[in-house]
Amino acid sequence: MTAARDQILEERQRLRAAYGDLYQDLADLLFRLDPVGINFEANSDEYEPEVGTILPRLCACRSEDDVLSVVHEEFVRWFDAGTAGTKERYRKTAAEIWELWKKHNDG
């Protein structure tokens, strides 16, 4: 493995340890909702890079609209504005992430 790949895997492990089940729940949610159409049924880890940049930003979110902004910004960053699409495309995704986040913090 390359050093860069090792670093990526280490960061994912760190996030899994820090966020517990929330990491996998968010990855599963993004895979299920598939906001940019990359779910090909056999690539369930496809959204893990986005999980890795969304999760650390959730602590600054105070509402579903905050989550919507974070999610859209991250998808634009990872894919580009044209592929990511409009912010409204992520409304359902943000709502479900907000619910996961609140549940995580209540537990």
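What follows draws every value from the coordinates through simple rules; no lab data is involved. This is a predicted model, so every value here is computed, not measured. Backbone-built Cβ (ideal geometry, glycine too); neighbour counts: all protein chains shown.
In the set [x] 41, 40, 20; [y] 42, 27, 23; [z] 39, 36, 24, the label that goes with Cα extents along the principal axes in Å computed for this structure is [z]. Using the Karplus relation 6.51 cos²θ - 1.76 cosθ + 1.60 with θ = phi - 60°, the per-residue 3J(HN,Hα) values for region 49-66 come to x, 5, 4, x, 9, 6, 3, x, 8, 5, 5, 8, 7, 10, 7, 4, 5, 4 Hz, with x marking Gly and Pro. Look at 78, 98 and count the other Cβ atoms within 10 Å of each Cβ; fewest to most, that gives 78, 98. Listed peptides 80-89, 46-55 appear in the order 46-55, 80-89 once ranked by packing, highest mean of other Cβ atoms within 10 Å at the front.
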